[in-house]
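Have a look at the structure below before the remarks.
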Amino acid sequence: MSIYEIWNEVDLYMNDKLIQPDPILDEVLKANQEAELPAIDVSPSQGKFLHLLASLKGAKRILEIGTLGGYSTIWLARALPKDGQLITLELSAHHAEVARANLKRAGVSHLVEVIVGPGLDTLAVLKDRGTDPFDLIFIDADKPNNPNYLKWALELSKRGSLIICDNVVRQGHVVNSESEDENVKGIRQFMNALAQEKRISATAIQTVGSKGYDGFIVGIVE
């Protein structure tokens with residue numbers, strides 16, 4: 001058995017022990033596949049990790065940058081109180097349409113606003129309309145713009161807010177300073193910005209499993 005197969009088997013074992021069967025989330029992933037969305041959703045264990053972080057934080061306002069089909073959105077929305085709100089930003093109108101149907105299927109659509117358009121434009125609009133700061137911000141969109149998303153996350157947060165960024169290890173390629181991959185370049189620029197940013201204290205969590213070798217950045221605004 002290869003190391004990748006072992007990672008996957010361990011993921012399946014942990015999911016079986018720690019995550020209750022969820023037919024709705026299974027339907028969401030099936031709907032995403034049928035709509036021909038890329039299979040880049042967080043894994044079930046990663047989704048529950050996000051859910052637990054939001055729950056531990058007691059988050060009432062969540063911002064998600066990158067919706068896809070709404071799988072991670074549902075995990076986060078389920079951690080909200082009845083009067084909570086999640087705003088999720090998605091570039092693709094098709095992805096947003098699929099996500100809205102999935103959110104309705106999961107019974108959380110009343111908690112979630114899906115906004116379609118380029119993320120940087122939408123973030124500027126949120127700032128201009130005086131949006132209240134968010135308790136948790138999850139960045140999981142186009143990686144070349146991660147440094148810009150970090151700037152906006154800090155603008156739209158407050159002391160104690162959590163900022164989480166996905167896909168920061170890139171199968172280990174993040175350490176390759178010579179990489180020509182725009183995604184790797186974006187993550188490296190994001191890491192450089194974090195290293196110089198005094199307003200946030202952050203750490204990296206490397207992950208292995210059904211999604212291969214990757215990781216999260218988790219930080220708290222100080």
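Derivation of every value follows stated rules applied to the coordinates shown; laboratory data play no part. Every value quoted in this text rests on a predicted model; they were computed, and no experiment measured them. Every residue, glycine among them, receives a Cβ derived from its backbone with ideal geometry; neighbour counts consider all protein chains shown.
At-a-glance table
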read-out	value
Length-normalised contact order of the chain in % [C-alpha pairs under 8 Å, at least 6 apart]	18
For Leu91, distant residues with modelled amide H under 5 Å away	Thr67, Gly117
Span from the region 156-222 Cα centroid across to the region 46-112 one, whole angstrom	21
Options Leu50, Phe134, Pro147, ranked by Cα towards positive dipole end of the chain, top entry (Cβ charges)	Phe134
Karplus 3J(HN,Hα) series, Hz, for region 92-103 with 6.51 cos²θ - 1.76 cosθ + 1.60 (x for Gly, Pro)	8, 5, 5, 4, 5, 4, 5, 4, 4, 5, 5, 5
Ile220 paired with Glu36, simple spin-label distance in nm, labels 7 Å along Cα-to-beta-carbon	4.6
From phi via Karplus (6.51, -1.76, 1.60), per-residue ³J(HN,Hα) for region 193-199 in Hz, x at Gly/Pro	5, 4, 4, 9, 7, 8, 8
Equivalent ellipsoid semi-axes - Cα gyration tensor, region 1-106, angstrom	23, 19, 12
Per DSSP, loop trypsin sites (Lys or Arg not before Pro) in region 188-222 with at most 13 further Cβ within 10 Å	Lys198, Arg199
Calculated over region 3-221: convex hull of Cα atoms, volume per residue (Å³)	123
